[in-house]
1. Students often check this: by mean Cβ neighbours within 10 Å, which of 251-263, 120-132 ranks highest, and how do the rest follow?
2. Set the bar at 25 Å for Cα to Cα. Now go through 82/255; 95/173; 105/253; 105/166; 82/253 and name every pair that lies beyond it.
3. Tabulate in residue order the Karplus-calculated ³J(HN,Hα) for the stretch 153-168, using 6.51 cos²θ - 1.76 cosθ + 1.60 with θ = phi - 60°, rounded to whole Hz; enter x for Gly and Pro.
4. Can you list the residues, at least 5 places off or on another chain, whose amide H is less than 5 Å from the amide H of residue 263, using H built in the peptide plane?
5. Please give the length that would be gained between residue 91 and residue 299 if that part of the chain were fully extended, namely 0.36 nm times their separation in residues minus their C-alpha to C-alpha distance (nm, one decimal).
6. Which FRET efficiency value, to the nearest 0.05, is calculated for residue 289 and residue 177 with the Förster distance at 35 angstrom and r the Cβ-Cβ distance?
Amino acid sequence: MEHPPSSSSGAKRRRADDGADDKPASKKRGRKKKGADAEESPAAAAAPLPAPGDKLELPGKYSLRLKNRTDDTADYSCKISKVYTSTHLLDRVDKETRLSITGHKGYRLSRATHAVPCGDWYYEVSVELNDGGHVRVGWAQGQADMDLPCGCEPWSYSYRDVEGTKFTNAVPKSYAQPYGSGDVIGCRITLPDAAAAASSSSRRGRAKKGASKAQEQAAAAAAAAAPAAQQVVYWGQMAYFVVPHREAGQVPKHKGGQIRFYKNGEDQGVAFNDVLSGEYYPAVSLYKNARVTYNFGPVSAAPRPVRTHSPRPD
């Protein structure tokens with residue numbers, strides 16, 4: 001099975017989370033930029049980035065995306081990402097296996113190295129709740145904020161140990177059984193094949209070929225008119241692209257796409273339907289000293305649902 005390449009993520013404005021029992025990590029103060037590439041974009045020209053020594057403030061509705069960073073392993077196996085894990089957690093990752101991670105203070109997010117664009121995928125984590133720790137486990141897109149809980153944004157979805165609550169866009173809803181130390185939580189995502197869906201839609205829409213052509217031309221014109229955000233900035237010791245920030249209301253949905261969870265092999269039912277379109281990474285958020293150990297297969301610790309793949313190459 002051919003595995004999809006990883007996509008990049010961005011650091012964005014933070015949002016307040018839910019609940020008092022699992023507070024998000026505190027906001028970090030603005031860092032200082034060291035320099036900037038000479039390349040300019042319309043967005044940057046409209047709102048130029050600050051001079052060295054000033055706080056880095058981006059133009060409205062723009063965010064940062066890491067440039068040319070990858071942390072794929074030599075055998076391309078799925079591990080905990082060294083690039084897209086909160087900096088507060090990097091030294092809490094098991095350096096030998098890169099499959100176990102322990103939390104630190106407030107909720108932080110860690111994601112895996114590989115994303116899934118379509119198909120039926122499954123992974124699981126073994127949970128340890130230590131010293132009042134909490135866990136959220138689920139799936140997140142590349143732009144998910146590393147210093148927010150999984151499920152705090154529209155493009156991340158999670159299942160929390162406390163009361164078995166599910167989260168997306170920081171909205172808690174009653175979902176399933178709570179879980180704790182010793183439990184194995186399975187995470188399954190089913191995403192329709194976008195190419196197949198587009199082909200099917202195209203076949204159904206042949207009678208409206210003229211209208212479709214006009215829509216394509218309008219979309220191409222809008223894309224050409226959009227600002228080309230190609231400016232590179234250096235913040236800390238990393239290089240970033242300045243890219244437009246996606247609003248959830250502007251992102252289409254995976255029609256028929258769903259996420260469901262399993263507790264010790266027992267299906268907890270569908271948690272989310274018609275998730276936002278895009279690629280998804282296995283992701284967890286940890287509060288205090290909670291610890292999880294990933295299992296990306298091929299052998300599962302708990303009974304595994306049929307017709308699924310682990311996010312790793314065969």
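1. Working: 251-263: 17.5, 120-132: 19.4.
Packing order, densest peptide first, comes out as 120-132, 251-263.
2. On the way: 82/255 32 Å; 95/173 35 Å; 105/253 34 Å; 105/166 21 Å; 82/253 29 Å.
Beyond 25 Å: 82/255; 95/173; 105/253; 82/253.
3. Per-residue couplings from phi come out as 10, x, 9, 9, 9, 8, 10, 9, 5, 5, 6, x, 6, 10, 9, 7 Hz.
4. 186, 268
5. Values: separation 208, 0.36 × 208 = 74.88 nm, distance 2.76 nm.
Computed gain between residue 91 and residue 299 is 72.1 nm.
6. Between residue 289 and residue 177 the formula returns 0.95.
Every number in this text was worked out from the coordinates using simple rules, so none of it is lab data. The shown structure was predicted, so the numbers you read here are calculated from the model rather than taken from an experiment. Glycine gets a Cβ as well: all are built from the backbone with ideal geometry, and neighbour counts include every protein chain shown.
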